[in-house]
Amino acid sequence: MELKDTIRKIFDLNFLLSVVIPIIIFYALSHFNMVLLGTILAGSWALAAIVFQYTGSRKVNVFAIIVALSAICSAIGLFGTIVFHSPTFYLESPILTDLVFGCIFFGSLFIGKPLIQVFAEYEMKDSFSQKLRMHPKYVSAWRILTAGWGLMCMSQALLRLALLHTASPAVYYSISSVYGSVSTPLFLLFTFWFPKWYWRDLTKGTHAHEYRIVHNKLTVK
């Protein structure tokens, strides 16, 4: 998949529905000092858009799981906002989501297999032969990617936390929504590209056939 194709898919109708329109709703109502109502309406719209986009997909992959967990955290934040009449619950939910994801990714490095390896082996199943699995670069690639996802989540949490205490709610919501909706697909693209580059030396020698199979699988994502 070419980078330009991925970028075009990120900024498509789904991006307009799940990111741009909620930002407009939130910003417009915040301008008239209706931050609570803006949070509820924008959050409801964004959550409905996410559910609509991904309920039709029955395939389990890392992106679908991340989106599902993000939607759950957003729903919890939205529920807290409605019950306690405070937009803080919804605005802080992405920070909590990023921290939880970061801890999960980092934790998997010390407990069992790296999480990205688990996802990759589940999704591509028999694509990784025993010979390839025995190569030292096989596991190290998944460890690097898992650590990268953890770092990305933690950095997003720190950025959002800084914005929450330094910017207006409208600015925080806008930057947080756009940043989260763009960074995750781009890093997912990197996740599929990295093994191709990291295992490039395996095109020579006994692992050539296995590499070509994995390369083809990753390229069609």
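The values are calculated or read from the model by the stated rules, or taken from the named source; none is laboratory data. For clarity, every value in this text was computed on a predicted model and none was experimentally measured. Note that we place each Cβ from the backbone using ideal geometry, even for glycine, and neighbour counts take in every protein chain shown. Ligands, DNA and RNA are excluded from the accessible area calculation, which covers all protein heavy atoms including side chains. Shrake-Rupley method; radii C 1.70, N 1.55, O 1.52, S 1.80 Å.
Within the accessible surface of the range 142-185, defined with a 1.4 Å probe on protein heavy atoms only, the carbon and sulfur portion equals 76 percent.
Extension gain, SER86 to ILE24, is 20.4 nm, computed as 0.36 nm per intervening residue step minus the present C-alpha separation. Here's the picture: a label point sits 7 Å out from the Cα of LEU109 along the beta-carbon direction, and within the range 136-155 the residues with their amide nitrogen under 13 Å of it are 140-155.
Multiplying the residue separation of LEU158 and ILE175 by 0.36 nm and removing their Cα-Cα distance gives an extension gain of 4.8 nm. Packing, taken as the mean count of other beta carbons within 10 Å per residue, orders the peptides 177-185, 40-48 from highest to lowest as 40-48, 177-185.
If R0 is taken as 35 Å, the Cβ-Cβ distance between THR166 and VAL51 corresponds to a FRET efficiency of 0.65.
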